[in-house]
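Notes for the one structure printed next.
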Amino acid sequence: MILPITVYGDPVLRKVTANIDLSYQGLPELIENMFETMYNAEGVGLAAPQIGLLIRLFVVDLSPLGKDEPSLVGFRRVFINAKIIERNGDEELMEEGCLSIPGIHEEVFRKNHIRIQYLDPEGTAHNEVFTGYTARVLQHEYDHLDGIMFTDHCSPLKKRLLKRKLTDISKGITTATYRIKIPKI
Ligand code: NI
């Protein structure tokens, strides 16, 4: 089932989320719905607050990036209760977008090397290092679990320039081609 995606201005995107038990009601169906919602919107990652849930869960599928990096084809993962325990390496500047901020793409600095602990849906604990584009996407999605949007990482000047567009999005004025939930503010 395709779910509506929350957009900039929705308070749910600014909250810190909570860990879940693997017995969380309807978890397998929720994960499937998140993938379906993400694919429908042509995204490579989707975090639970983007469908209105304040839980530490996000999904990614980096296959669309396979044109540039063939190793990413089939990189389809579910991250439950994720915790980034190391961030190091160089700061890299790269353009990002977000399904909750339709139509806006800006360059953001991120560390190019992370170590992350998480559970998969079967309950297996993982502790893995990711680099490059994968590390970027995981940091972007992880930020959503702590109420952080990628535009928060932009310079003060860039933030000022984006203000009008972000306000428009919060009023439902967007070019999104997928179903969104307009904030009630
Ligand atoms: Ni995002």
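Here are the numbers:
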item: Residues within region 146-171 that are in contact (Cβ under 8 Å) with a residue 24 or more places away in the chain, away from the ligand (no atom under 11 Å from the Cβ), in a helix (DSSP H, G or I) and not small (Gly, Ala, Ser), tallied; result: 7
item: Within region 47-95, tally of residues that are open to solvent by less than 10 Å² (accessible area, probe 1.4 Å) and within 16 Å of the ligand (Cβ to nearest atom); result: 11
item: Selected residue (criterion: most open to solvent (accessible area, probe 1.4 Å)) from residues of region 108-159 that are among the aromatic types (Phe, Trp, Tyr) and closer than 17 Å to Phe58 by Cβ; result: Tyr133
item: Condition met for Lys181 (touching a residue at least 40 places away in the same chain (Cβ under 8 Å), away from the ligand (no atom under 13 Å from the Cβ) and surrounded by fewer than 16 Cβ atoms within 10 Å (Cβ to Cβ)); result: no
item: Extreme residue, most open to solvent (accessible area, probe 1.4 Å), among residues of region 96-107 that are in a loop (DSSP other than H, G, I, E, B) and on the phi < 0 side of the Ramachandran plot; result: His105
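The values are calculated or read from the model by the stated rules, or taken from the named source; none is laboratory data. Since we're looking at a predicted model, the values are computed, not measured. Heads up, the Cβs are rebuilt from the backbone with ideal geometry, glycines too, and the neighbour counts pull from every protein chain shown. What goes into the accessible areas is simple: the full protein's heavy atoms, side chains included, and nothing from ligands, DNA or RNA. Shrake-Rupley method; radii C 1.70, N 1.55, O 1.52, S 1.80 Å.
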